[in-house]
Amino acid sequence: MKNLVILVSGSGTNLQRIIDTIGSGEIQNAEVSLVVADRECYGLERAKNHNIEAALIPRGKNFSSELGKIIPENTDLIVLAGFLSILKPEFVENWAGKIINIHPALLPKYGGKGMWGHHVHNAVIEAKEKESGATVHFVTVGIDEGEAILQKSFEVTENDTPETLAEKVHKIEYEIFPVAINKLLNIPI
């Protein structure tokens, strides 16, 4: 059984999707062994509702070192699912190739510091982009600079708003995140 650690900052809808797809077998041979939040959020409640160990480590300069102390050694993949804090370079390097994130844009466009949630969607609309989407990528020291694992796009229409883009992106995230996780855990690279 492969062990996942999920990091969250919000309501945990992607966490729920991961839990559900493990249960349905879409993600095979895996379990969520730990959920860690960097702030009080509903993601912690979701973990508790599924009898998954959960921890709150307040965001700040010691977050990465505290996180490093509680991550099980047998962790196969650390999944950032709506996680908003930046991990320290030492932590990222220690877990290189085993940390992934989902980003609400088609990286390398609209990534980097400050590019999350509605900030991304506003930028896409202001730039009059013809498409947007989501990207699952490896986490590296550079923010949103890691290699893409899986991307999917959709057409941006002139009637789209940041809110409608967010809805479209969430649908794609729910579709591609489990596929990427299953691929990384169960297909030899």
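The table for this structure:
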| read-out | value |
| --- | --- |
| Alpha-carbon centroids, segment 90-155 and segment 158-189: separation in whole Å | 11 Å |
| Unsatisfied cross-links (Cα-Cα over 23 Å) in the set Lys88/Lys168; Lys130/Lys152; Lys98/Lys183 | Lys88/Lys168 |
| Amide hydrogen neighbours beyond the local backbone of Lys88, cut-off 5 Å, H modeled | Ser64 |
| Full-extension gain in nm, Thr161 to Glu93, via 0.36 nm per residue minus C-alpha separation | 20.7 nm |
| Probe 1.4 Å, all protein chains present, accessible-area order of Phe63, Phe154, largest first | Phe154, Phe63 |
| Area of Arg59 that stays accessible when all protein chains are in place (1.4 Å probe, Å², to 10) | 150 Å² |
| Antiparallel DSSP beta bridges within the chain, as percent of all bridges there, nearest 5 | 40 percent |
| Average silhouette area of segment 58-189, convex hull of alpha-carbon atoms, in square nanometres | 8.3 nm² |
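The values are calculated or read from the model by the stated rules, or taken from the named source; none is laboratory data. Predicted, not measured: the structure shown is a model, and the values here were computed from it. Only protein heavy atoms, including side chains, enter the accessible area calculation; ligands, DNA and RNA are left aside. Shrake-Rupley method; radii C 1.70, N 1.55, O 1.52, S 1.80 Å.
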